[in-house]
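Peer 1: Below is the structure I would like to discuss, written out as structure tokens.
Nothing in this text is a laboratory measurement; each read-out follows from the coordinates by a stated rule. Predicted, not measured: the structure shown is a model, and the values here were computed from it. Counting neighbours? That spans all protein chains shown, and the Cβs are built from the backbone with ideal geometry, glycine included.
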Amino acid sequence: MQFDWRALCGPALTVATALTAFAVDRHLVAVPNPAPLFVCIVAFAASLSGTASGLVSAVIAVVSSALFFLNHRAMPGYDLSDLSRMLLLAITAAGTAAITGHLRRKWIDAFASQYRHHAIAERLRAALDQVDIGIVLLDSDTRAEFINRAFRHYFSLPDKKAEGKPPFIALMYHSRDTGAFELPEDELSTFIAQRTEMMRSGDSTPININLRDGQVLRFSCTALPDGGRMLSYTPVTDLVRHSDEPSDADYYRSLRGVGGGLARQLRAAEQGATHAMPSPPPACG
């Protein structure tokens, strides 16, 4: 037992209750048996500091009750009924201390485990916010429980809307309304319907999604054991665009703000320098 205020609180309260009962019973008015109150104090002590504090309080309660019974007898000593009542009090108080202390330990262990899981979840959330792969975790009702920073960036999703646990279909409509997809208007409805059906069925076949800013994301859906879904949007722009014309590649990079304009300026400067170079003199015959 730790000798701190929590450990001492229960025994001290038991002693104070016993002394108060003795004083009131002797000088003011007759006090009934305080055993039920002692049991409550034992439960309080065990819940506050553990089984040890509860057992100490139980011992004090039994001794105080024995003195209280003796004070109420006309003849010295105890009869069989007094002994049976004290034995019942001892069993009840000890059992209360043991059960309450065990429940307290279970509660503390559960709280510590929950805290560890929460800490791991926060670390995982922070890690997923650092990667360039868009991650969306959906529950069994297809509502987004987690949306990382990469997805919010790719589809211009405000933090307030992301934290509101929007359904998957709402994310698709948001992307449509913000013009994120590189698709004609008449194909958007079919595209959204197909993506929604793939998500609901748990189809893990990866597909490429072309964005209007030139980026290409590889979409993949993973079915989770609890009925939810994990959606991943992996950037594969460099893999998909490697066969594009150089001018188109510069254009896509300029849309993404990755220095495409600078590349065109350097190419223009190189071409200008080539044209400005004087022709070599003719070879002497």
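Peer 1: Show me, for the stretch 41-54, the HN-Hα J-couplings you get by feeding each phi into the Karplus relation (A = 6.51, B = -1.76, C = 1.60, θ = phi - 60°), rounded to Hz, glycine and proline as x.
Peer 2: Karplus-based 3J(HN,Hα) across the stretch 41-54 equals 5, 4, 4, 4, 5, 5, 6, 7, 10, x, 5, 4, 4, x Hz.
Peer 1: Stretched out fully, how many nm does the piece from Asp109 to Ser189 gain, at 0.36 nm a residue minus the Cα gap? Walk me through the intermediate numbers first.
Peer 2: Working: separation 80, 0.36 × 80 = 28.80 nm, distance 5.11 nm.
Between Asp109 and Ser189, full extension yields an extra 23.7 nm.
Peer 1: Apply the Karplus curve 6.51 cos²θ - 1.76 cosθ + 1.60, θ = phi - 60°, to the phi angles in the stretch 98-108 and return the couplings in whole Hz, x for Gly and Pro.
Peer 2: For the stretch 98-108, the Karplus-derived couplings read 5, 5, 5, x, 5, 5, 4, 5, 4, 5, 5 Hz, x marking Gly and Pro.
Peer 1: Tell me, Leu13, Leu157, Leu8 in order of fewest to most beta-carbon neighbours within 10 Å? Before the final figure, lay out each step's value.
Peer 2: Working: Leu13 19, Leu157 22, Leu8 16.
Arranged by neighbour count, lowest to highest, Leu13, Leu157, Leu8 become Leu8, Leu13, Leu157.
Peer 1: Suppose each label sits 7 Å from its Cα in the direction of the beta carbon; what would the Arg6-His117 distance come out to in nanometres?
Peer 2: Inter-label distance under the simple model: 2.2 nm.
Peer 1: Also, I was wondering about something else. What residues have an amide H closer than 5 Å to that of Arg218, excluding those fewer than 5 places away on the same chain, when H is modeled at 1.01 Å from N in the peptide plane?
Peer 2: Amide H to amide H, under 5 Å and 5 or more residues apart or across chains, Arg218 pairs with Ile209, Thr234, Val236.
Peer 1: How far apart, in nm, are two points set 7 Å out from the Cα along the Cα-to-Cβ line at Ala127 and at Val63?
Peer 2: According to this spin-label approximation, the distance is 5.5 nm.
Peer 1: Would you order Thr92, Thr178, Thr14 from fewest to most other beta-carbon atoms within 10 Å of each residue's own beta-carbon? Don't jump to the answer; show the numbers that get you there.
Peer 2: Details: Thr92 18, Thr178 12, Thr14 26.
If I rank by nearby Cβ atoms, fewest first, I get Thr178, Thr92, Thr14.
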